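Below: one structure, written as structure tokens.
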Amino acid sequence: MQKMYHELAAWWPLISPLEDYAEEAAFFWQTLASAGLPGSPSLLELGCGGGSNAFYLKKNFARVTLSDMSPQMLAVSRSRNPECEHVEGDMRTLRLNREFDAVFIHDAIDHMITAGDLQQAMQTAFVHCKAGGLALLVPDHVRETFAPSTSHDGYDGEGRAIRYLEWTYDPDEADTFYYTDFAYLLRDGDRPV
């Protein structure tokens, strides 16, 4: 993942366009709102990546703090969400010494590959929740509903284009690891990258 979230971060707007998040961000907001957020709520997102969910969620919150361990991905998020606070940090160890009405972790939770990692991320969410606050963790895959898949797509931007293949599989159903392999074809102008 080092390459995707560091070296390819400048490509993130094409790899994962904002428009792809509108529907699910609306669902996340409805989930949080229906659980009983107070008026003028605050939100902490751990593992915000390029800030795609926050782009849609921020209108519902008085204060939004976005955190990611990749400075390159935080730069993408800052460009999309300049009005939000951004903090570089690992969701397993981040301590802001503040509490929020809601803590949100989207698919970045998938990178917690041990039970200890997962427990640490959940502890971080817990210590940042106000009393009666909400934590919403949304992994891409869970054992009960996992299904192998492949997908492909592509996007064209200003002078850049990307095509990709994604393959998600579970080589050992006895464990809790799922793998996703990506293949990217990148063009910058008329040159392959």
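Some notes on this structure:
- Taking the longest Cα principal axis of the chain as reference, the axis of helix 71-80 is set at about 80 degrees.
- In this rough spin-label picture, where each label sits 7 Å from Cα along the Cβ direction, the F27-R98 distance is 3.0 nm.
- Where Rh is the Kirkwood radius over Cα pairs, Rg/Rh for the chain: 0.97
- Applying the criteria of a DSSP loop state and at most 11 other Cβ atoms within 10 Å to the trypsin sites (Lys or Arg not before Pro) of the range 63-172 yields R95.
- Each Cα pair under 8 Å and six or more residues apart adds its separation to the average, and for the range 65-155 the resulting relative contact order is 27 percent.
- The residues C129, C84, when put in order of fewest to most other Cβ atoms within 10 Å, stand as C129, C84.
- With Cα atoms, 0 to 90° folded angle of helix 22-34 axis to the chain main axis: 10
- Neighbour net charge for D140 - beta-carbon separation under 9 angstrom, K R +1, D E -1: -2
- Total charge dipole magnitude, the chain, about the Cα centre, Cβ charges on Lys, Arg, Asp, Glu only, Debye to nearest 20: 780
- Extension gain, V193 to A35, is 52.3 nm, computed as 0.36 nm per intervening residue step minus the present C-alpha separation.
- Between E19 and F126, full extension at 0.36 nm per residue minus the direct alpha carbon distance yields a gain of 35.5 nm.
- A DSSP coil position with no more than 16 other Cβ atoms inside 10 Å describes the following chymotrypsin sites (Phe, Trp or Tyr not before Pro) in the range 145-178: F146, F177.
- Convex hull of the range 146-192 built on C-alpha atoms - directionally averaged projected area, nm²: 3.8
- Helix 115-128 axis, angle to the chain major axis (alpha carbon atoms, nearest 10°): 50
- The alpha carbon gyration tensor of the range 84-193 gives principal lengths a ≥ b ≥ c with a/c of 1.5 or higher and a/b no greater than b/c, which makes the shape oblate.
- Contact order normalised by residue count of the chain, Cα under 8 Å, 6+ apart, percent: 17
All of the numbers you see were taken from the coordinates with simple rules; none came from a lab. All values reported here derive from a predicted model rather than from experimental measurement. Counting neighbours? That spans all protein chains shown, and the Cβs are built from the backbone with ideal geometry, glycine included.
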